[in-house]
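The values are calculated or read from the model by the stated rules, or taken from the named source; none is laboratory data. Keep in mind that what you see is a predicted model, and the values were worked out from it rather than measured. Because the Cβ atoms are built from the backbone with ideal geometry, glycine has one as well, and the counts that use them run over all protein chains shown.
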Ligand SMILES: Cc1ncc(COP(=O)(O)O)c(C=O)c1O
């Protein structure tokens, strides 16, 4: 990014993986934080991030949550004019609005977060009055934000989102004389979930965004911000489990202790992860398996038509790209535990999250 922008900021989207050890590693790399709830803001503050390194982007937040966030000094990226009005008298110094541009694109419908039918943000038509109202309510510094969708591998996407948001910037600046301190393009940088899929051409992606910025600003550009989650952590982790049963019926079902309570993405979106038998990597592929878990839902499928050697009980199942939106989406559904997390570095290995226990499962029942 530094070859395209003098003034840029990378804010890690905590929702991808909120493990405090990961936050601390990313902090040491100089990144900021994109937080989507008051708890994520607290996590970031506890990890030592300064309020101005955090952008709080909630949607449909309660007045209580917004007022609390406002009191921390963290800039708020409002999802509606109504949400801004909830903090009347306590408007943060720095605010932005999440804009719902007409164009949205994500890997799945469920991960497309702008355009028709997106629940997020204010429309382009509302944007001009939104900044006018924010200014009248006392906001002093302004940013603008867009998040068009998640896991996009097409480098042209970044340019398209940049051009769309810059059109909105132009209209607001012309009408209200608002000067933007930052333009935040959100997250969405894609990672290949299968070995045969090529990686995102990051240089081309930022090059396209840069071209759009260059056309819009002759002199000083606002800070160019991105909020990657998946791109930073997805391929850092492999989810391990073991084979617990094999049934050959209408299909060949391979059951394991990796269930939808641990890996929700396939059930939630139809996401496909690369899956192998880690202890049989050199064995001949013998068939196609429906890889399923232990939860009592017929949607509890981890992979479909997965090509594997003939599986045996206790073989080790490895699911790749498990660092993003896996442990952060995990639950104890069906009384199944959330697995431990182990950090492996040059220095050694360390448990950075313990597996959940029966005591954790019942902790809050009274
Ligand atoms: C506002 C916002 N920023 C950043 C992200 C991170 O997206 P990704 O993990 O695709 O980079 C999301 C994901 O939903 C988001 O809603």
**Message:** Checking the structure you have, find out if any residue of segment 140-157 is modelled with pLDDT of 95 or more, within 20 Å of residue 4 (Cα to Cα) and part of a helix (DSSP H, G or I).
**Reply:** yes
**Prompt:** For segment 76-87, how many residues meet the condition of being part of a helix (DSSP H, G or I) and either under 12 Å from residue 35 (Cα atoms) or touching a strand residue (DSSP E or B) at 6+ places or on another chain (Cβ under 9 Å) (or both)?
**Reply:** 3
**Request:** Can you give me the ranges of the strands (runs of 3 or more DSSP E) entirely in segment 182-286 with at least 3 residues that are more than 16 Å from the ligand (Cβ to nearest atom) and either more than 18 Å from the chain's Cα centre (by Cα) or modelled with pLDDT of 95 or more (or both)?
**Result:** 239-248, 252-256, 275-277
**Asked** residue 334 is checked against (1) within 18 Å of residue 25 (Cβ to Cβ); (2) exposed (fewer than 15 other Cβ atoms within 10 Å of the Cβ) and fails just one. What number does that condition carry?
**Response** (1)
**Asked** Out of curiosity, is residue 268 surrounded by 17 or more Cβ atoms within 10 Å (Cβ to Cβ) and either farther than 24 Å from residue 108 by Cα or assigned by TED's automatic domain parsing to the domain that holds residue 319 (or both)?
**Response** no
**Count - residues of segment 18-40 that are in contact with a helix residue (DSSP H, G or I) (Cβ under 6 Å, 6 or more places away or on another chain) and within 17 Å of residue 68 (Cβ to Cβ)** = 5
**Fill in**
Of the residues in segment 309-322, those that are in contact with a helix residue (DSSP H, G or I) (Cβ under 8 Å, 6 or more places away or on another chain) and part of a strand (DSSP E or B) come to 316, 317, 318
**Prompt:** Could you say which residue among 106, 138 is touching a residue at least 40 places away in the same chain (Cβ under 8 Å) and over 22 Å from residue 323 (Cα atoms)?
**Reply:** 138
**Asked** Is there a residue in segment 162-174 that is surrounded by fewer than 23 Cβ atoms within 10 Å (Cβ to Cβ), assigned to a loop (DSSP other than H, G, I, E, B) and either in contact (Cβ under 8 Å) with a residue 24 or more places away in the chain or away from the ligand (no atom under 14 Å from the Cβ) (or both)?
**Response** no
**Item:** Filter result (touching a helix residue (DSSP H, G or I) at 6+ places or on another chain (Cβ under 8 Å) and within 25 Å of residue 189 (Cα to Cα)) within segment 323-366
**Value:** 323, 324, 325, 326, 328, 329, 341, 343
**Message:** For segment 265-288, give me each residue that is free of Cβ contacts under 8 Å to residues at least 40 places away in the same chain and within 11 Å of residue 304 (Cβ to Cβ).
**Reply:** 266, 288
**Item:** Condition check for residue 107: part of a helix (DSSP H, G or I) and under 23 Å from residue 13 (Cβ atoms)
**Value:** no
**Request:** Those residues that are in contact with a strand residue (DSSP E or B) (Cβ under 9 Å, 6 or more places away or on another chain) and at pLDDT below 95, I need them from segment 171-181; list them, please.
**Result:** 172, 173, 178, 179
**Request:** Kindly establish whether residue 97 is surrounded by fewer than 22 Cβ atoms within 10 Å (Cβ to Cβ) and within 13 Å of the ligand (Cβ to nearest atom).
**Result:** no
**Asked** Within segment 110-137, how many residues turn out to be in a helix (DSSP H, G or I) and within 16 Å of the ligand (Cβ to nearest atom)?
**Response** 2
**Prompt:** Does residue 153 count as assigned by TED's automatic domain parsing to the domain that holds residue 59, surrounded by fewer than 20 Cβ atoms within 10 Å (Cβ to Cβ) and within 16 Å of the ligand (Cβ to nearest atom)?
**Reply:** yes
